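This report concerns only the one structure given below.
Derivation of every value follows stated rules applied to the coordinates shown; laboratory data play no part. This structure is a prediction, so every number in the text was calculated from the model and none was measured. In this analysis, Cβ positions are derived from the backbone assuming ideal geometry, glycine residues included, and neighbour counts consider all displayed protein chains.
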């Protein structure tokens, strides 16, 4: 079943610019649509359609950051039929418009769109215990609470910090059900100066947060896998570093202990 999901992901990543249907993607996995949807969601946490949409927006981010294509050209290149639909979808997913995202990755100071639940949030502290795989030294850490498994839209609460293994607090996570997601641009522990940096990811949830509680979770970071969802939220503090080294795809943090 893992190979079937990987076949489908390869199909999506190679042909995201085309008008793909669910049947097209299921056929690439050599499975019936019903069975394919179930195993795909079990492996990735989202439907094939959501994954395809995330890949299209992720590729749009890449094109905006690394090419001279204008926004309309990018919209059609990633499979959208209209500029308006692309701009709305991109802004909802990334947190800023395509044009402002291009400014952000080039170093401009760009304010993100407000979160749909309003700011500033009121909530309770959630502690995440971060661990690294062997052979990596932690670098810039992004930790946020999202309303979907995808790192998209503005989070309910987030921190960006130079980090090591340990406990970190999201200070004001509102009541509700959230997915905690962590992204780290990590250096190899090897001393060679030519060692490339790696994007590590990890998460926990769904986590139900209730007033008066102080929940905690464990997040084990690992190198990004093919079944991991693309990172859609604009993270200018991390993305330039990841792009230079891996070429792949806020409040003051509170440290415990």
Fill in: Least to most buried among 12, 30 (fewest other Cβ within 10 Å first)
30, 12
Worksheet item: What is the order of 216, 158, 23, fewest Cβ neighbours within 10 Å to most?
Response: 23, 216, 158
Practice prompt. Sort 20, 200, 143 so that the residue with the fewest other Cβ atoms within 10 Å of its own Cβ comes first and the one with the most comes last.
Written response: 20, 200, 143
